[in-house]
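Read the structure below first, then the notes.
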Amino acid sequence: MRERGAVRVVPKSAITVVIDNQGLPVAYGVVANISEQGACVWTNGRFQVGETVSLRLSFARELQPYEASGRVVWGDKTPGEDALRYGLAWEEAAPPDRERLQHLIDGAR
């Protein structure tokens, strides 16, 4: 089994997400777990592995959403559920953005 490069955090409070995929209708979801390298998201959207999507993550008690780009690295559907679960890997971001993300993740513990 492959070792993970970062510790995943299951947030104590909901982290909601709006996902935009190149002009298609926006999708909505919640973060199942998150790390400095990516996130697992439950959503009503439909995406293909390899696609790059834009995300607006809303953390509890934060006025400004965190905006990021991510690449879909895997997806699956749980039987009996309408929502799909996707694994997203963050695209490169400037150091101040990475620092803010790490601060938000630390606060979600």
(request) Pull up segment 84-99, narrow it to residues that are in contact with a strand residue (DSSP E or B) (Cβ under 9 Å, 6 or more places away or on another chain) and of a type in the set (Asp, Glu), then point me to the one that is surrounded by the fewest Cβ atoms within 10 Å (Cβ to Cβ). (result) Glu92
(request) Give segment 52-75 a look and list any residue that's without any contact (Cβ under 8 Å) to a residue 40 or more places away in the chain and of a type in the set (Ser, Thr, Tyr), or say none. (result) Thr52, Ser54, Tyr66, Ser69
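Among the residues of segment 19-30, write down those that are assigned to a loop (DSSP other than H, G, I, E, B) and either among the polar types (S, T, N, Q) or modelled with pLDDT of 95 or more (or both).
Asn21, Gln22
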(request) State whether one or more residues within segment 100-109 are under 20 Å from Val7 (Cβ atoms), out of contact with any Asp or Glu (no Cβ under 9 Å at 6 or more places or on another chain), surrounded by fewer than 10 Cβ atoms within 10 Å (Cβ to Cβ) and at pLDDT below 90. (result) yes
(request) Find all pairs meeting these conditions: Cβ atoms under 6 angstrom apart; at least six residues apart or on different chains; first residue within segment 22-50 and surrounded by 13 or more Cβ atoms within 10 Å (Cβ to Cβ); second residue of a type in the set (Lys, Arg). (result) Asn33/Arg8; Ser35/Arg8; Trp42/Arg85
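Condition check ((1) modelled with pLDDT of 95 or more; (2) closer than 19 Å to Glu92 by Cβ) across all residues:
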| position | (1), (2) |
| --- | --- |
| Gly38 | yes, yes |
| Arg46 | no, no |
| Val53 | yes, yes |
| Ser58 | yes, no |
| Pro65 | yes, no |
| Gly70 | yes, yes |
| Lys77 | no, no |
(message) Take the residues in segment 53-74 that are in a loop (DSSP other than H, G, I, E, B) and charged (D, E, K, R); name whichever of them is farthest from the chain's Cα centre (by Cα).
(response) Arg61
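For (1) assigned to a helix (DSSP H, G or I); (2) modelled with pLDDT of 95 or more; (3) among the aromatic types (Phe, Trp, Tyr); (4) in contact with a Cys (Cβ under 9 Å, 6 or more places away or on another chain), each residue gets a yes or a no:
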residue	(1), (2), (3), (4)
Val17	no, yes, no, no
Ala32	no, yes, no, yes
Val41	no, yes, no, no
Arg85	no, no, no, yes
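Residue-by-condition table, conditions (1) more than 22 Å from Val10 (Cβ to Cβ); (2) in contact with an Asp or Glu (Cβ under 7 Å, 6 or more places away or on another chain); (3) among the basic types (Lys, Arg):
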residue	(1), (2), (3)
Ile34	no, no, no
Cys40	no, no, no
Gln64	yes, no, no
Ser69	yes, yes, no
Gly75	no, no, no
Ala89	no, no, no
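The values are calculated or read from the model by the stated rules, or taken from the named source; none is laboratory data. The structure displayed is predicted, hence computed values, not measured ones. We place every Cβ from the backbone using ideal geometry, glycine too, and count neighbours over all the protein chains shown.
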